[in-house]
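The values are calculated or read from the model by the stated rules, or taken from the named source; none is laboratory data. All values derive from a computational prediction rather than experimental measurement. FYI the Cβ positions are ideal-geometry reconstructions off the backbone, even for glycines, and counts take in every protein chain you see. Protein only, heavy atoms only, side chains kept; ligands, DNA and RNA dropped before computing areas. Shrake-Rupley method; radii C 1.70, N 1.55, O 1.52, S 1.80 Å.
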Amino acid sequence: MVEQITAMLGLVGILSILCQWLGWKLRLPAILPLLICGLLVGPGFGILNPDAVFGDLLFPSISLGVAVILFEGALTLNFSEIREHGRMVTNLVSIGTLITWAIIGCATHFIMGFSWDLSMLFGALVVVTGPTVIVPMLRSIKPKAQLASILRWEGIVIDPIGALLAVLVFEYIAVAADPTTHVLHSLVYMLGIGIGLGASAGYAIGIVIRRALVPHYLKNTAVLTIMLGVFVLSNLVQEESGLLTVTVMGIWLANMRGVDIDDIIEFKETLTVLFISGLFILLAARLDSQALLNLGWQGIALLCVVMFIARPVSVWCCGIGSSLARADKWFLSWVAPRGIVAAAVSSLFAIKLESQGLPGAEQIVPLVFLIIIGTVVAQSLTASRWARFLGVKSGSSQGLLIFGASKFARALAKVLLSKNVPVILADNNWDNIRLSRMDNIPVYFGNPASEHAENAIDMSGVGRLLVLSPYRQLNPLVTFHYQDVLGKDKVFGLNNNEGNSARHKLSESYQQRLCLFGESVSYTRLATTMAKGGVIKVTSITDNFTFTDFKRRYGEMALPLIYLQEGKVKLITEAITDLPVGIELISLLSAEALSDTQLSDESKAKKVKEAKSKPADNYTDSDS
């Protein structure tokens, strides 16, 4: 039996990684391969029966996994960030959530015949979208930057809000199902335990992090184990209150001042990917395919209500008074795929409700999976065509993500932003990020190749990556990561391979991308030029001032970087002898070039002045 459990755990782990890889390769939400894999190894071929294999360990495993998922999601719920991302996002995650919940809850009651309690629970479970399904979809659709930002931030923020709503409804049902308790008294007591213990634990962990009471290498592990301990303690004090406790705990930490949780979020996201993948395969393997078929026309009708009534009504109500056009609202009305949070939380709640003998509880899981399958499949296949039909697809992405926020990178970013080219600077040096913010440059603090960056960096309109950092160990990681995201021909770096030691030799495929601004240009050269008074200058190349004139004026001490032509950004990656007219050339000029030019200009001005004054004097003499 032990060997069988070990083999099944290994199988689930291998399959989860393969499904994640397949989703990445096909640019599809990983939830689709995970779902198909779970159905195949479970009800399809009967290879995996989670209940038989794991027995009494199954429910605790799911429970702890869901706790980690909800805590990680709650860590991203920063209220100040919600306000920063516009009125539409705020409306969708507040008013829109309530509208969607009400419509789906009522439809479930009348179509499926569930009790009002169970109907409202189902409605709360399927209001969430989630970044794990939205982000891959946006990469393939490529809508306008504003629409992509709205959908991405809605997915990030609504995860913990929807989960919190579902937990509250479930706790009401759990209390009401017990005939020996007074519903209102027990609900207030449960909420008091969940909110009170969650807030207290969140504050205590925040103090520990702020004062560095644990060493850095123990911080992530300590937060995880404390969170799980608080989850268990909360359930011991008041049954079913643990999920609410960890959600409140994460929200408190996310909004506590002076607490750096970026490392924790990145660590939890790594765990969450593991839990999401493994849990989803196990949950799909538990699914009875016959139960899906038994939903019949009622299930299809409810799916249609979710996609064609609840979402459009929510979007159009939230869009009142916004600057969104009709086409924008119709696009947002179609894109709202459900994700892993709905599947994980519904499976956990269904197990608990079935143990209490609540009628209809056994239909919750297949119904949630039907909504997930229907929304993800239908919208993944049609959203790109719908965006093209509505005319809301973005044009060619001319924006730049720059890794490294040095003095040179900041100066370059300021010039590009002044020319309406989107730029984001990413760096894990806080001083560089602080100086960038002082210049009003959009920034990301941390490793841009991390899972956290994938959700936090708004890549709308960004089509290329420039690696301008001095971090030799991190540069290849960032380069290869964004080659997968943007394409191999969209990532460029500086040739920093200045050492001749064999152990520092780089792979040929990586070296091919180290051609930014020319093969001889390194980070050291750029930094030295800027330190000695160099500036980044924009020069218009015209018929009257050609590139030949530019070279004659500034000589070899000018380094051409980028030129703008008809709204497109052209990177210079090799030595150039000529450039077309009608462009704006952005170049790095050394202090010597500027000095020589200034002297030359002063000399020319002096000669012109002398030439003008001489005829005037002659005229005066003859006149007298």
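Here's a check for you: in segment 24-46, which residue that is β-branched (Val, Ile, Thr) and at pLDDT 80 or above is surrounded by the most Cβ atoms within 10 Å (Cβ to Cβ)?
Val41
Scan Ala336, Ala343 and give me the residue that is assigned to a helix (DSSP H, G or I) and of a type outside the set (Phe, Trp, Tyr).
Ala343
Out of everything in segment 189-217 that is open to solvent by 90 Å² or more (accessible area, probe 1.4 Å) and out of contact with any helix residue (DSSP H, G or I) (no Cβ under 7 Å at 6 or more places or on another chain), what residue ends up being modelled with the lowest pLDDT?
Residue satisfying both the conditions and the ranking: Tyr189.
Does Lys329 satisfy being more than 28 Å from Ala148 (Cα to Cα) and open to solvent by 10 Å² or more (accessible area, probe 1.4 Å)?
No, not satisfied.
Each row is one residue, and each column tells you yes or no for (1) closer than 27 Å to Ala325 by Cα; (2) modelled with pLDDT of 90 or more; (3) within 22 Å of the chain's Cα centre (by Cα); (4) open to solvent by 60 Å² or more (accessible area, probe 1.4 Å).
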residue: Ser380; (1), (2), (3), (4): yes, no, yes, no
residue: Arg388; (1), (2), (3), (4): yes, no, no, yes
residue: Gln398; (1), (2), (3), (4): yes, no, yes, no
residue: Phe403; (1), (2), (3), (4): no, yes, yes, no
residue: Lys407; (1), (2), (3), (4): no, yes, no, yes
residue: Arg410; (1), (2), (3), (4): no, yes, no, no
residue: Val415; (1), (2), (3), (4): no, yes, no, no
residue: Lys419; (1), (2), (3), (4): yes, yes, no, yes
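Is it the case that some residue within segment 288-299 is within 30 Å of Phe389 (Cβ to Cβ) and either part of a helix (DSSP H, G or I) or touching a residue at least 24 places away in the same chain (Cβ under 8 Å) (or both)?
Checked against the condition, which is being within 30 Å of Phe389 (Cβ to Cβ) and either part of a helix (DSSP H, G or I) or touching a residue at least 24 places away in the same chain (Cβ under 8 Å) (or both), segment 288-299 yields at least one hit.
Any idea which of (1) open to solvent by 50 Å² or more (accessible area, probe 1.4 Å); (2) in contact with a Phe, Trp or Tyr (Cβ under 7 Å, 6 or more places away or on another chain); (3) within 16 Å of Leu400 (Cβ to Cβ); (4) at pLDDT below 85 is the one Arg513 doesn't satisfy?
It fails just one condition, (1).
Taking the condition in contact with a helix residue (DSSP H, G or I) (Cβ under 6 Å, 6 or more places away or on another chain) and of a type outside the set (Phe, Trp, Tyr), does Gln356 pass?
So Gln356 does not fit the description; no.
Can you give me the number of residues within segment 450-467 that are closer than 20 Å to Gln398 by Cα, in contact with a helix residue (DSSP H, G or I) (Cβ under 6 Å, 6 or more places away or on another chain) and buried (at least 21 other Cβ atoms within 10 Å of the Cβ)?
The total comes to 4.
Let me spell it out: the conditions are (1) under 18 Å from Thr382 (Cα atoms); (2) surrounded by fewer than 24 Cβ atoms within 10 Å (Cβ to Cβ), and Pro143 meets all of them except one. Which number is the exception?
Status for Pro143: all satisfied but (2).
For segment 529-570, how many residues meet the condition of being part of a helix (DSSP H, G or I), open to solvent by less than 20 Å² (accessible area, probe 1.4 Å) and either closer than 24 Å to Gly461 by Cα or in contact with a helix residue (DSSP H, G or I) (Cβ under 6 Å, 6 or more places away or on another chain) (or both)?
Result for segment 529-570: 2.
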